[in-house]
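S.K.: This is the structure, below, for whatever I ask next.
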Amino acid sequence: MSRAEQAAGLSRRRALAGGAALAAGGALAGACAGAGGSGDASGGPAQLEGPREIQWMGYQSDPVRQGYFEESFKAAGKANGVAVNVTWEASADYWTKRQAEFAGGTTAADIMVLNVDWVIPGGLQGMFPDHGEYMRRDKVDAKQYYKAGLDMWAWKGKQWAIPLQGGGELVLYNKRLFDEKGVKYPHKDWTYDEFLAACQKLNDPGNNRFAVDVQQNGLHYMMGTFVYNFGGKLFNDARDRAVYGDDPGAIQGAELDVDLHVKYRYTPPPEARQAIAPVPPFDAGMAAMEINGSFRHTPARTALGAQNLDFAPPPKGPKGQQTATVGGNGWAIAALSKAREAAWRCLKWMHTKEGMLGPQLKSVSWPPVIWAASTPEWTEIFKGSHIDDVAKVWASGGHDLMVLPEGSKAWTTANTPMNAALKGEIATRAAMQESARQMNDLFAQRPASWK
């Protein structure tokens, strides 16, 4: 997941100022405390054994967003009889510090924020306990989470973290530009044929208008969805061999993605982007559609106006396949924490109704639990849009962000040849074959303990 998406919720509340979703956090929690969800938050403070003070740690984003999170952390502590201290560190060295502390036999955090490319490398080092054991013990319903959004924090049966925020891939579209060209809007069951037909009508390079901007376009994210929707596979079931280099469906999906840029030229070229930088082409009215993460809904709404913005899931493939990447960030308890039970009680409380629908809801880019995304407190933000069509695909057909033990090194390895293809420097099939070859060379270096 990109750094932009990792900080997805940071400006959300600014865009919502004055809206109905801005009811006070305490009022939300009080009004919704008995409406269903994940059940009792704890066995009660009196039953908690061991240390009752924890350190909750994240990396810095927007101070307003951090404030809402801190309110939630403190409320979690109050509900469970735990004193909660909060630290926000600079993001640049955050993960390096956590690893160094663990190597030295210490931890500065009882609960820490994680990016998806950190969880398996950290889990394999022993940095996190199996949160699945706590969930099973306390009968926390795993089905309340988007499956791909929960699975991305697990490896080989070990749940090394739980989601902080969810959401994922969608197609944003500018209704005004569609209307100007008389093009039918995307819909929940649209196909790639319909997508291409719309692109052909929307593309107007002579007037500096383009059909679509594909952001975060790698095999781990957007290009991966093209692969899956065309019936392709990236890896074998054990995730220790890349198979996409010789998979006809995978190659067909990647070829369409590359053709949007190289053959059809439906995407804004570098010179057009440079002319409006740092404003995204979609926000500038240069691109009629943008394929990106759900975090983009707030800045896009601010730029275009809510009346011009809507959403659709990625198109269906030739055989009806429809998936989308599910992403987010996670919370993990430190294995070296001396207050793991207190930390778990507080973390579990965050996904109860009282915890989720309080100040925390003002901070996340998308709720990590499915039921929260259906509450009026959340749906008011997207009133009049088709965001539910997207969320249903996340829930029923979501895929993860190529989560592997090699972390971000796997993303770089897989995507370097594909980036060359997107620039027209190498044919797509050759790029896929070279990418898979390099990935399999990387997998061959895995220690035996990772297998």
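S.K.: Search the range 129-161 for residues being assigned to a strand (DSSP E or B) and aromatic (Phe, Trp, Tyr), and hand back the single one that is surrounded by the fewest Cβ atoms within 10 Å (Cβ to Cβ). Working first, answer last.
M.R.: Step one: list which residues in the range 129-161 are assigned to a strand (DSSP E or B), which gives 145, 154-155, 158-159.
With the extra rule that they be aromatic (Phe, Trp, Tyr), the set shrinks to 145, 155.
Values: 145: 25, 155: 19.
Among residues in the range 129-161 that are assigned to a strand (DSSP E or B) and aromatic (Phe, Trp, Tyr), the one surrounded by the fewest Cβ atoms within 10 Å (Cβ to Cβ) is 155.
S.K.: Here's a follow-up. Any idea which of 282, 295 is crowded, with 24+ Cβ neighbours inside 10 Å, at pLDDT below 95 and in contact with a helix residue (DSSP H, G or I) (Cβ under 9 Å, 6 or more places away or on another chain)? Talk me through it step by step, then tell me what you get.
M.R.: On the way: 282 fails: at pLDDT below 95.
Every option except 295 fails the conditions.
S.K.: Looking only at the range 93-113, which residues are in contact with a Leu (Cβ under 8 Å, 6 or more places away or on another chain) and aliphatic (A, V, I, L, M)?
M.R.: Once the filter is applied, which keeps residues that are in contact with a Leu (Cβ under 8 Å, 6 or more places away or on another chain) and aliphatic (A, V, I, L, M), the range 93-113 yields 111, 113.
S.K.: Sticking with this structure for a sec: Taking into account only those residues within the range 380-390 that are assigned to a helix (DSSP H, G or I) and touching a Pro at 6+ places or on another chain (Cβ under 9 Å), which is surrounded by the fewest Cβ atoms within 10 Å (Cβ to Cβ)?
M.R.: Of the residues in the range 380-390, the ones assigned to a helix (DSSP H, G or I) are 380-382, 387-390.
In the following step, the residues that additionally are touching a Pro at 6+ places or on another chain (Cβ under 9 Å) were identified as 389-390.
Values: 389: 17, 390: 25.
Across the range 380-390, the extreme among qualifying residues is 389.
S.K.: Further question: Looking at the range 194-221 only, could you name the residues that are farther than 14 Å from residue 250 by Cβ, of a type in the set (A, V, I, L, M) and buried (at least 19 other Cβ atoms within 10 Å of the Cβ)?
M.R.: 198, 202, 211, 212, 214
Here is a yes/no grid of residues against (1) of a type in the set (Gly, Ala, Ser); (2) under 21 Å from residue 332 (Cα atoms); (3) touching a residue at least 24 places away in the same chain (Cβ under 8 Å):
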| position | (1), (2), (3) |
| --- | --- |
| 355 | yes, yes, yes |
| 374 | yes, no, no |
| 379 | no, no, no |
| 384 | yes, no, yes |
| 406 | no, yes, yes |
| 422 | no, no, yes |
| 427 | yes, no, no |
| 444 | yes, no, no |
| 449 | yes, no, yes |
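S.K.: For residue 77, all conditions in the list (1) in contact with a Phe, Trp or Tyr (Cβ under 7 Å, 6 or more places away or on another chain); (2) at pLDDT 95 or above hold save one; what is the number of the exception?
M.R.: Against the list (1) in contact with a Phe, Trp or Tyr (Cβ under 7 Å, 6 or more places away or on another chain); (2) at pLDDT 95 or above, residue 77 comes up short only on (1).
S.K.: If you don't mind, there's one more thing I want to ask. Kindly state which strands (runs of 3 or more DSSP E) lie completely within the range 162-263 and contain at least 3 residues that are under 30 Å from residue 348 (Cα atoms) and modelled with pLDDT of 95 or more. Spell out how you get there, then give the answer.
M.R.: Numbers: elements: 162-165, 169-174, 210-214.
It comes to 162-165.
S.K.: Among the residues of the range 148-207, count how many are among the aliphatic types (A, V, I, L, M), under 19 Å from residue 261 (Cβ atoms) and under 17 Å from the mean Cα position of the chain (by Cα). First the steps, then the outcome.
M.R.: Quick first cut of the range 148-207, residues among the aliphatic types (A, V, I, L, M) only: 148, 150, 152, 154, 161-162, 164, 170-172, 177, 183, 196-198, 202.
Among the residues that remain, those that are also under 19 Å from residue 261 (Cβ atoms) are: 171-172, 196-198, 202.
Keeping just the survivors that are under 17 Å from the mean Cα position of the chain (by Cα) gives 171-172.
Selection size over the range 148-207: 2.
S.K.: Which of the residues spanning the range 300-319 are over 22 Å from residue 393 (Cα atoms) and surrounded by fewer than 18 Cβ atoms within 10 Å (Cβ to Cβ)?
M.R.: Listed by number, the residues that qualify are 302, 303, 305, 306, 307, 308.
S.K.: Answer yes or no: is there a residue in the range 279-288 that is more than 25 Å from residue 422 (Cβ to Cβ), in contact with a strand residue (DSSP E or B) (Cβ under 7 Å, 6 or more places away or on another chain) and touching a residue at least 40 places away in the same chain (Cβ under 8 Å). Walk me through how you get there before you give the answer.
M.R.: Just the residues of the range 279-288 that are more than 25 Å from residue 422 (Cβ to Cβ), to begin with: none.
Scanning the range 279-288 turns up no residue that is more than 25 Å from residue 422 (Cβ to Cβ), in contact with a strand residue (DSSP E or B) (Cβ under 7 Å, 6 or more places away or on another chain) and touching a residue at least 40 places away in the same chain (Cβ under 8 Å).
The values are calculated or read from the model by the stated rules, or taken from the named source; none is laboratory data. Keep in mind that what you see is a predicted model, and the values were worked out from it rather than measured. Cβ sites come from the backbone with ideal geometry, for glycine too, and all protein chains shown count toward neighbours.
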